[in-house]
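Here's the structure, in C-alpha cells; my notes come after.
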Amino acid sequence: MMRVGIVGLGLIGGSLGLALRRLGESVEVRGVAHHLDGVAAAQQREAVDRASTDLHDLADCDVVVVATPINQIRRVLEALAGVVRRGAVVTDVASVKRPVLEWARCLPDQTMFLGGHPVAGKERSGLSESDAMLFRGESWIFTPRDGQELTPFDEWFRLVRAIGARPKILSAEAHDRQMAFLSHLAFTISTAYAETVRPVADPELGGPGYRGMVRLSEGDGTLYDDITATNRGPLVEAIDRFADVLHDYRERIDRGDRVGDLFRRGVHAR
C-alpha cells in the first residue's frame, strides 16, 4: 500500500485526497489540518482515510504533499525535516516554485524533494469546494533542481497520472515566468477590470462577458497577495507587456486605425 500524507486540507489538498481515495485500497491517504475542525471536516467529506493535527502521523508515509498556502510552506518544511522517513518523497503544490526550492534545503535529503504545481483550481477556496475531478486533464508541473535524478519519483508520477493529471517538467525559473503570464496576470487583470467597471456601471446589467471577466477577482485575496509577493518580478514583466498591448489597442481604437485587425489578431493568438 502506498501511504500519501497531505498537509493542508483546503481546495487542493482536499481534492487530492478525494482523487487518490478513488484509486482504491492501493493508496492510504492521511491528512494533517491546522485545527481539529479541519480534521473533522476532512473526515466527514471522506477526503482522507485518517487525519489529525500532528505532522508525526505522517512519519511512515511514502509521499508527503505540502498543500498549505505558500506563506506557510517554509514553516511546514522545517517541521517535516525531523519527521519524514528516509527515502520518502516530499513535494508541494504552490504556484510559485523558486522560493519553495530554497526553503526545501532544510530537509535532510534534498534529492527526495520535488517541487510541484497542479495547474488546477477554482475561484473559491476551501475544503467545501474540493472535487475529485479537479485535476483531470490538467497539467501538473514539476520543477527539479539542475541535474536532479527523477527516478525516485516514478511512483508519484504514476499516481498523478492515475488521477487524470498530465505531468510536465520545467525549471523553477521557467515555471514562475510561465505562471506569471498564464495565471497570475489573469487574476490581476480580472481584479483591475472589476475595479475599473464597478464604480461606473451596474453589475446587474452585465452578461456572460462581464461575469467571465470578473470571476477571478472574486477569489482568495490572501492567496493572490502571497503569490504576487513571491513572484513579483515575472508578474511585473507580464503586467508591463499587457499594458503595452492595451495602450496599442487604445491608440488604434482612438484613431479608428484598422480596429478589426486587432480583434482578429486576438482570435489567432488564442
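Could you do me a favour and compute the accessible area per residue for region 1-132, 1.4 Å probe, result in Å²? Present the calculation step by step, with values, prior to reporting the outcome.
Values: 5600 Å² over 132 residues.
That works out to 42 Å² for each residue.
What percentage of the solvent-accessible surface of region 1-58, computed with a 1.4 Å probe over protein heavy atoms, is contributed by carbon and sulfur atoms?
45 percent
Of all accessible surface on region 142-192 at a 1.4 Å probe, what whole percent is carbon and sulfur? Please report the intermediate quantities before stating the final value.
Details: 1370 of 2460 Å².
Carbon and sulfur together cover 55 percent of it.
Taking Cα atoms, how many degrees apart are the long axis of helix 232-255 and the longest axis of the chain, rounded to 10 and kept between 0 and 90?
So the inclination is approximately 20 degrees.
How tilted is helix 70-80 with respect to the longest principal axis of the chain? Cα atoms for both, answer in degrees (0 to 90, nearest 10).
Helix 70-80 sits roughly 10 degrees off the main axis of the chain.
Quick check: net charge around R145, other residues with Cβ under 15 Å of its Cβ, Lys/Arg +1 and Asp/Glu -1?
Spelling it out: positives minus negatives among the neighbours equals -4.
Round to a whole angstrom and tell me the spacing of the C-alpha centers of region 136-158 and region 215-270.
31 Å
5 Å is the cut-off here: which amide hydrogens, built 1.01 Å from N in the peptide plane, fall below it relative to V64, excluding neighbours closer than 5 in sequence?
Counting only residues 5 or more places away or on other chains, the set is G5, V89, V90, T91.
First check a/c for region 228-270, with a ≥ b ≥ c the square roots of the eigenvalues of its C-alpha gyration tensor; if it is under 1.5, answer rounded, and if not, answer prolate when a/b is larger than b/c or oblate otherwise. Don't skip to the end; give the middle numbers.
On the way: a/c = 5.57, a/b = 2.12, b/c = 2.62.
Oblate, because a/c is 1.5 or more while a/b does not exceed b/c.
From the residues T68, H56, A172, which one has its Cα farthest along the dipole of the chain in the positive direction, the dipole being from +1 and -1 charges on Cβ of Lys/Arg and Asp/Glu about the Cα centre?
The residue sitting farthest along the positive end of the dipole is A172.
When only C-alpha pairs under 8 Å and at least 6 residues apart count, what is the relative contact order of region 1-111, in percent?
This gives 26 percent for region 1-111.
Ignoring ligands and nucleic acids, what accessible area does D154 show with a 1.4 Å probe (Å², nearest 10)?
That residue has around 80 Å² of solvent-accessible surface.
What length, rounded to one decimal in nm, is gained on full extension from S26 through to Q110, with 0.36 nm per residue of separation minus their alpha-carbon distance?
27.6 nm
So, for region 151-206, what is the accessible surface per residue at a probe of 1.4 Å, expressed in square angstrom?
The answer is 56 Å² per residue.
The values are calculated or read from the model by the stated rules, or taken from the named source; none is laboratory data. Being a predicted model, the structure only gives us computed values, none of them experimental. Counting neighbours? That spans all protein chains shown, and the Cβs are built from the backbone with ideal geometry, glycine included. We work out accessible area using only protein heavy atoms, side chains counted, and drop any ligands, DNA or RNA first. Shrake-Rupley method; radii C 1.70, N 1.55, O 1.52, S 1.80 Å.
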